[in-house]
1. Taking the Cα centre of each part, how many Å lie between the range 52-68 and the range 80-123?
2. Once you list every other residue whose beta carbon is under 13 Å from the beta carbon of S16, what net charge do they have if Lys and Arg are +1 and Asp and Glu are -1?
3. Need one word for the range 63-123: rounded, prolate or oblate. Basis is the Cα gyration tensor (sqrt eigenvalues a ≥ b ≥ c); a/c below 1.5 gives rounded, then a/b vs b/c decides.
4. Once R0 is set to 22 Å, what does the formula 1/(1 + (r/R0)^6) return for the Cβ-Cβ distance between S84 and Q38, expressed as a FRET efficiency to the nearest 0.05?
5. Tell me the carbon and sulfur percent of the accessible area for the chain, rounded to whole percent, probe radius 1.4 Å.
6. Classify the range 12-62 from the C-alpha gyration tensor, please: rounded if a/c falls under 1.5, else prolate or oblate depending on whether a/b exceeds b/c.
7. Return one whole number: the accessible area per residue of the chain in Å², for a 1.4 Å probe.
8. Where in the range 82-108 is the amide nitrogen less than 15 Å from a point lying 7 Å along the Cα-to-Cβ axis of T68?
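The values are calculated or read from the model by the stated rules, or taken from the named source; none is laboratory data. These figures come from a predicted structure and were not determined experimentally. All Cβ positions, even for glycine, are placed from backbone atoms using ideal geometry, and neighbour counts span all protein chains on display. When the accessible area is computed, the model is the full protein with side chains, heavy atoms only, and any ligands, DNA or RNA have been set aside. Shrake-Rupley method; radii C 1.70, N 1.55, O 1.52, S 1.80 Å.
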Amino acid sequence: VQLQASGGGSVQAGGSLKLSCAASGRTFSSYGMGWFRQAPGKEREFVATINWNGAWTYYADPVKGRFTVSRDSAKNTYLLQMNSLKPEDTAVYYCAGASSSYGGRQEYDYPYWGQGTQVTVSS
């Protein structure tokens, strides 16, 4: 099972980026997916999650209203649209596959992890 995150880069504050997570080796269409991030010197933190059919999403407070998580189950791909980016959004972003149809906010809800993609937001 592999999760490949991509789409990171460097943007100025107020800009946008779209992260993509491609899954292979397992069909995640029946499972929840999540996004986490880790800033330098900080612990990895929850960002957003989406359930198995995309009907339910949940966001961490710092990103509510700015980030949108979605999925294309036919392509086994998951997206994180990030708008109005702030310097404090700078981090390595990880996609993760849940062990059930709904992912939670804790890392232990996700046994499958991608390698991470760097997002840098300058002021």
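1. When both Cα centres are located, 11 Å separates them.
2. Net of charged neighbours comes to +2.
3. On the way: a/c = 1.94, a/b = 1.62, b/c = 1.19.
Prolate.
4. Values: r = 21 Å, r/R0 = 0.95.
About 0.60, to the nearest 0.05.
5. Of the solvent-accessible surface of the chain, carbon and sulfur hold 46 percent.
6. Details: a/c = 1.75, a/b = 1.69, b/c = 1.03.
Taking the square roots of the gyration eigenvalues as a ≥ b ≥ c, the range 12-62 is prolate.
7. Working: 6100 Å² over 123 residues.
Value for the chain: 50 Å² per residue.
8. Once the point is set 7 Å along Cα→Cβ of T68, 82-85 turn out to lie under 15 Å by backbone N, inside the range 82-108.
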